[in-house]
Each structure stands twice: as structure tokens, then as C-alpha cells.
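The block underneath contains the structure these notes are about, expressed in C-alpha cells.
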Amino acid sequence: MFEKTKAFSGFSVDDIPAAKRFYAETLGLEVSEANGMLTLHIGGDNGVLVYPKGDAHTPASFTILNFPVDDIDAAVDELARRGVEFLRYDGMEADAKGVHRNGGPAIAWFTDPAGNVLSVLQG
């Protein structure tokens, strides 16, 4: 039934203009806007839909987008220069930059303005 569909993912935010600034300016993604929603163009033909929920928005408690990078240290340094703050989780050791380097690929988590969790990881 869905073998040939062009499925896409989506998530909510509480402030579309703030999300647009963050994803376009801070992360440098191509972002389009239509009907009060955003599309993040991050690969392939299908985008990621970002839709408003206003006061009903609850940030995702899990990572909603992962961005593989060739050099995690360079990516973390650049994001920090752009004002991104990295998360630290209890029980998960991270270095001074906020990069977790144990048990899998090196990864650093951060949030968008709506509190949704994103990551960069050594890919």
C-alpha cells in the first residue's frame, strides 16, 4: 500500500518565525514556508514538515533530527559560535564541548527554540 508513497516526517513547534530563523540562519538549512508551516529541505525529494501547535506544543523528549557530519569537533565549534548550547545528560560522560564519545559514534545534542532535541554525530 505504501511502497511507492513519498512519506515524510514532521514535528511541532510553538513559534514558526523563531523556528524559521533557527533552522535557516543558525543551522543554515534551506527552509520554505507555506500555509503557516515550514518545510526543512535536508535531503532527497521529501522535506521535514514543521507545524505550529502554539501553547499546545510539547517538546519531543527524544532526538527528532540527527545531522551526520564528517568532523564533529568542527561542527560543534561552529554551532557554539552561532549560539547553540549543548545538552548534557546524567550518566552520559561528555567532553568540555559537550560531545559524548563513548558507546557509539561521537554525538552532541542540542535543542531548537521550541525545545525539540537535535543532534550532530560523527558520520
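Less than 21 Å apart at the alpha-carbon level, and either on another chain or at least 8 residues along: which lysines does that give for Lys20?
Lys53
Measure out, as a whole number of angstrom, how far apart the alpha-carbon centroids of segment 1-55 and segment 90-123 sit.
Using only Cα atoms to place each centre, the spacing works out to 22 Å.
Taking only protein heavy atoms into account and a 1.4 Å probe, give the accessible area per residue of segment 51-117 in Å².
Details: 4040 Å² over 67 residues.
Here the residues of segment 51-117 average 60 Å² of exposed surface.
Antiparallel versus total DSSP beta bridges in segment 1-117: what percent is that, nearest 5? Present the calculation step by step, with values, prior to reporting the outcome.
Details: 11 of 16 bridges.
Of the beta bridges lying entirely in segment 1-117, close to 70 percent run antiparallel.
Would you mind computing, in nm to one decimal, how far apart the modelled labels at Ala34 and Arg21 are, each placed 7 Å from Cα along Cα→Cβ?
It works out to 2.6 nm between the two label points.
Between Lys97 and Ala74, how many nm apart are label points set 7 Å from Cα along the C-beta direction?
1.1
Divide by every residue of the chain the summed helix terms, -39500 (n - 2.57) for each DSSP H run of at least 4, and state the resulting mean residue ellipticity at 222 nm, rounded to the nearest 500 deg cm²/dmol.
Values: 2 runs with 16 residues, N = 123.
Dividing the helical sum by the residues of the chain leaves -3500 deg cm²/dmol.
What's the angle, to the nearest 10 degrees (0 to 90), between helix 72-81's Cα axis and the longest principal axis of the chain?
So the helix axis and the longest Cα principal axis differ by about 70 degrees.
Could you tell me what percent of the accessible area of segment 52-123 is made up of carbon and sulfur, with a 1.4 Å probe and every protein chain present? Write out the running numbers ahead of the final one.
Numbers: 2090 of 4160 Å².
Here it works out to 50 percent.
Give the average over all directions of the projected area of the C-alpha convex hull of the chain, one decimal, in nm².
On the way: hull surface 36.9 nm².
Here the figure is 9.2 nm², rounded to one decimal.
The values are calculated or read from the model by the stated rules, or taken from the named source; none is laboratory data. As the structure is a prediction and not an experimental result, all values here were calculated from the model. Positions of Cβ are generated from backbone atoms using ideal geometry, with glycine treated the same way; all protein chains shown enter the neighbour counts. Note: areas computed on protein heavy atoms with side chains; ligands, DNA, RNA excluded. Shrake-Rupley method; radii C 1.70, N 1.55, O 1.52, S 1.80 Å.
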